[in-house]
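Visitor: I am attaching a structure below and will ask some questions about it afterwards.
Nothing in this text is a laboratory measurement; each read-out follows from the coordinates by a stated rule. Computed from a prediction, not measured in an experiment: that's the story for all the values here. Virtual Cβ from ideal backbone geometry, glycine too; neighbours counted across all protein chains shown.
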Amino acid sequence: MNLTFEGFLKGYCRELSGQQSLSFRKLVEQAMTGAPRVAEPLFLLALAQGKAEYVLGLSEGSWMEEGYRGVLSLYGQTGSLVSLCAEDKLPNRYANVWRAYRAAKEKPAADRRVNALMRKKTLEALEESGVTRYGLCRALHLNKGNVYAYLAGDDSKVSRETARRIMEYAEERGTQEGAGRPVRVAG
């Protein structure tokens, strides 16, 4: 997923305002009345789209105006929105928007790292319990191809939640059945 900052801001403004429109006029109205949390991503979106002066004019006389003027001044010093955000010069409420973007952008890679760790534990638990991969897929109603690819090393084939379900099932089966294989008694 190649999430851009502007794309993130559009989605974030929609989410926080509770509306699908990206009309700056409507978003400023929402920020002033029912959804004040949209104020910061709204202004960052305006900067990204070259509409900061317009949004500043819409916010004139409101509680948002002073903050917008401060951020616009900082933007003028750096000349780039990404530089402004990356240099950590933004007031905290604006910096939180940047941090939310970074977390969303880095989530797939983080999920793959976590899935790799869970895969290792899952394979050990499957070996211990004697549960087959096919049996695991049937019991959890999962796509066999994706599960097989995941267990073979493709950590992008299942979500973090699914990887956790697989691991927990394998571990649970291992504890229910002891070592998983019957012990042969000589005699």
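Visitor: For the chain, the longest stretch holding no GluC sites (Glu not before Pro) located in a DSSP loop with at most 16 other Cβ atoms within 10 Å is which? Show your work: numbers first, answer last.
Guide: Numbers: sites that count: E60, E87, E177.
Here the longest segment lacking exposed loop sites spans 88-176.
Visitor: List the chymotrypsin sites (Phe, Trp or Tyr not before Pro) in the range 46-148 that DSSP assigns to loop (not H, G, I, E or B) and whose Cβ has at most 14 other Cβ atoms within 10 Å. Which are they? Before the final figure, lay out the partial values.
Guide: Working: sites: Y54, W63, Y68, Y75, Y94, W98, Y101, Y134, Y148; in loops: W63.
Here the sparse-neighbourhood loop sites are W63.
Visitor: In the chain, what is the count of Lys pairs whose alpha carbons are under 18 Å apart, counting only pairs at least 8 residues apart or on separate chains?
Guide: Close lysine pairs found across the chain: 8.
Visitor: Related question: Can you pull a Stokes-Einstein diffusion coefficient for the chain at 4 °C (1.567 mPa s), Rh from Kirkwood over Cα pairs, as a whole number of µm²/s?
Guide: Details: Rh = 19.9 Å.
D = 65 µm²/s.
Visitor: If I model a spin label at E53 and E15 as a point 7 Å from the Cα along the Cα→Cβ vector, what separation in nanometres do I get?
Guide: Reported label-point gap for E53 and E15 is 3.3 nm.
Visitor: Separation of the range 1-35 and the range 82-114 by C-alpha centroid, Å?
Guide: After rounding, the separation between the Cα centres reads 17 Å.
Visitor: Shifting gears a bit: How high is the FRET efficiency from Q77 to T33, r the C-beta distance, R0 22 Å, rounded to 0.05?
Guide: My answer for the efficiency is 0.10.
Visitor: Which residue, N143, N96, N115, tops the fluctuation ranking in a GNM of the chain built on C-alpha contacts under 10 Å?
Guide: Highest fluctuation among the options: N143.
Visitor: Suppose only helical runs count, i.e. DSSP H with n ≥ 4. What mean residue ellipticity at 222 nm does that imply for the chain under -39500 (n - 2.57) per run, divided by all residues and rounded to the nearest 500 deg cm²/dmol?
Guide: Here the helix-only value at 222 nm equals -22000 deg cm²/dmol.
Visitor: If I take R0 = 35 Å and measure r between the Cβ atoms of A149 and A100 in this structure, what FRET efficiency does the formula 1/(1 + (r/R0)^6) give, to the nearest 0.05?
Guide: With a Förster radius of 35 Å, E is 0.65.
Visitor: Please name which of Y94, L142, V82 has its Cα lying farthest along the dipole of the range 61-187 towards the positive end, using unit charges on Cβ (Lys, Arg +1; Asp, Glu -1) and the Cα centre as origin.
Guide: The residue sitting most towards the positive pole is L142.
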